[in-house]
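Below: one structure, written as structure tokens.
The values are calculated or read from the model by the stated rules, or taken from the named source; none is laboratory data. No experiment lies behind these values; they were computed from the predicted model shown. Ideal geometry is used to build each Cβ from the backbone, glycine not excepted, and the neighbour counts take in all protein chains shown. SASA here: full protein model, heavy atoms, side chains in, ligands and nucleic acids out. Shrake-Rupley method; radii C 1.70, N 1.55, O 1.52, S 1.80 Å.
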Amino acid sequence: MRIIKLLGFSALLGALIVFVSCSMQNQTNSNNYMGMNHNGGNMPMNNQGMNHGQMDNTMMRSSPNAADAPYDLQFNDTMTMHHQGAIDMAKAIEGRAQHPELNTLAKNIVADQEKEIAQMKKWRDDWFKDKAPALNMSMAGMNDSMKGMSMKNLSSLSGSDLDLEFINEMIPHHQGAVAMANEALQKSQKDEIKTLTNGIIKAQNAEIKQMQAWQTAWKK
């Protein structure tokens, strides 16, 4: 009788191990296919999936054959992703910054760039519907602006350390957007994109100047 009970227990234990193993595998597969989707499915996925809440620059990859796509499609998809990075950074510190003026800047970045993403998404639907993603990490300013991006740092720091870390990350990120926008003024065939890029250059250069002033003042 004891042998029978032992065999029964072993069978039950084996079944439990198989069940747990299968459940973990299913969860892994689900995560692998979660990918990156901020704006209705037009953005690309890499083979690691992407979660902007935990994203660092090393996870970003160009879409296949992105450089062969029309320039305005490349700009639209790449600037959309670039803006989303700034939004995620700003949301990570909004309400947590030591300086109220930095909380206000973060809030404004979210509002302004979400509005611009919505506009670019509409243009994508109007001009490039059903076209393959064209995120191009080689576009002017894109790689350099992402090098110092660390959502981990923004999530873990606090006080003046958080404020300075955000500024140190956002200044080059803004500079990358300005570089991409300046290139678009020369290469874009769409007047709407040129109008958008003029606005990006003006707004983000002003924010860069303000952040540089804070950077100097808050280091003391």
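Quick rundown of the values:
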| quantity | calculated |
| --- | --- |
| Gyration tensor (alpha-carbon) shape descriptor, region 102-155, a/c threshold 1.5 | oblate |
| Rounded FRET efficiency, nearest 0.05, which uses the C-beta distance separating Ala67 from Asp161 and R0 of 45 Å | 0.70 |
| Nitroxide proxy distance, nm - points 7 Å out along Cα→Cβ at Glu114 and Lys91 | 0.8 |
| Residue order for Glu192, Glu165 - accessible surface, 1.4 angstrom probe, largest first | Glu192, Glu165 |
| Apportionment of accessible area to carbon and sulfur, region 134-220, percent (1.4 Å) | 45 |
| Nearest-20 debye value, region 109-220 charge dipole, Cβ charges on Lys, Arg, Asp, Glu | 180 |
| Accessible area in square angstrom per residue, region 159-220, 1.4 angstrom probe | 50 |
| Modelled FRET efficiency - R0 30 Å, Ala132 with Lys194, Cβ distances, 0.05 increments | 0.80 |
| Spatially proximal lysines relative to Lys107 (Cα-Cα < 22 Å; intrachain offsets below 8 disregarded) | Lys91, Lys115, Lys121, Lys152, Lys202, Lys209 |
